[in-house]
Structures are given as structure tokens and as C-alpha cells.
1. Which ³J(HN,Hα) values in Hz, rounded to whole numbers, follow from the phi angles of the stretch 69-79 under the Karplus curve 6.51 cos²θ - 1.76 cosθ + 1.60, where θ = phi - 60° and Gly and Pro get x?
2. How many percent of Cα pairs in the stretch 2-64 exceed 18 Å?
3. What is the local net charge at Leu54, summed over the other residues whose Cβ is closer than 11 Å to its Cβ (Lys, Arg +1; Asp, Glu -1)?
4. Amide H neighbours of Gly35 under 5 Å, counting only residues 5+ apart in sequence or on other chains, H built in-plane at 1.01 Å?
5. Could you pull the Cα extents of the stretch 1-134 along its three principal axes, largest to smallest, in whole Å?
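Bear in mind these aren't lab numbers, they're just calculated from the coordinates by the rules spelled out. From a predicted model like this one, the values you see are computed outputs, not experimental measurements. Counting neighbours? That spans all protein chains shown, and the Cβs are built from the backbone with ideal geometry, glycine included.
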Amino acid sequence: MSGKQSEFTEGLVKLFEATCFDIPIAAAKQIGGRGDDQSLTAAGWKAYEAWVSLANDAANRLYANRAFGEVTGRAFESALRAQRVGDALSSAFFGNLWPALGLPTQNQITALQDEVSALRAEVANSNAQAAAGETRTDRHASADEGLHVVRNASSRETEWVNSNGKQRVAA
């Protein structure tokens with residue numbers, strides 16, 4: 001234990017020297033114009049290395065402590081139990097709430113995404129066929145009070161035709 005204690009004490013002494021003596025003296029020399037950047041940088045690195053060494057030693061001592069290990073283990077187990085209870089409560093609550101509100105389930109959303117993907121593929125295929133010149137030349141018509149709408153699928157034109165077929169208005 002004396003070896004560990006002496007390492008810890010040595011680290012404290014190095015940190016104290018670096019922060020209270022080396023850094024202020026190097027900074028004063030640089031401000032006074034007699035120092036260089038390297039001495040201030042070296043003092044800063046000395047303080048950093050002493051701090052990291054102390055932090056590492058403290059963490060090692062903490063993890064080596066059996067009581068800390070037991071307390072930490074219990075805390076993890078308790079946190080996992082609480083997480084499981086929260087998951088069970090939320091699934092019970094939202095499992096009944098979702099259908100009552102009429103919100104879609106994950107399966108329904110997935111099915112809808114699949115349908116949209118299929119429609120996109122169908123439109124892309126149709127556009128590819130249209131670009132390749134494989135368009136259909138059939139005409140679709142619907143009637144409404146003697147006024148007919150005629151659409152040409154190949155040219156994407158829409159015409160309004162009277163029932164006598166004489167007046168045509170391009171839309």
C-alpha cells in the first residue's frame with residue numbers, strides 16, 4: 001500500500017508544482033519577453049500529465065474497491081428492472097390506447113409503405129415505357145350533361161367536345 005500511496009502523493013506533488021510554480025513562472029517570463037512558447041507549453045503538458053495520472057490512479061482505486069463494485073452492480077440491476085417495468089406499463093397503456101384513438105399500427109404503416117413503393121415502381125415503369133415510345137393511343141372519355149371530356153393518353157391533351165362534336169375547346 002505504501003507504493004500506491006507514494007505514487008498518489010508523487011502525482012499530487014507534480015500537479016501542485018506544475019500549477020502553482022511552473023505555469024505561472026513560464027507565463028510571467030513570456031509576458032516579460034524573456035521566455036519562449038516552448039517553456040509555457042512544457043509546463044502545461046506537465047500539469048496535464050500529472051492531472052491525468054491522478055485521475056487514472058483514482059479511477060483504478062475506485063474500481064478495485066469491492067464495496068463500490070457491489071453498489072454499482074445493484075444500481076445496474078435496479079435500473080434494468082425499472083426499465084422492464086416501464087416497458088411493460090407503456091406497452092399495456094399504448095396497446096389499448098392506439099386502437100381506441102384509431103391510430104394505425106406498425107403493421108398497417110408498413111403495409112401502406114409497401115403499397116406506395118409498388119405504386120412508385122408502377123409509375124416509374126410507365127414513365128420508362130412512355131420514354132421508350134410504347135405509349136397507348138387509346139382515348140378516355142367521360143360525359144357530363146352533353147359535354148364530353150376526351151383525353152389522349154399519348155399526347156396528354158384534354159379536349160372539351162359538345163354533344164354534336166363540332167365545338168372543341170382545348171384545355
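1. Karplus-based 3J(HN,Hα) across the stretch 69-79 equals x, 5, 5, 5, x, 5, 5, 5, 4, 5, 5 Hz.
2. More than 18 Å apart: 43 percent of the Cα pairs in the stretch 2-64.
3. So the environment of Leu54 carries a net charge of -2.
4. Correct list: Gln30.
5. Answer, in whole Å and largest first: 84, 53, 27 Å.
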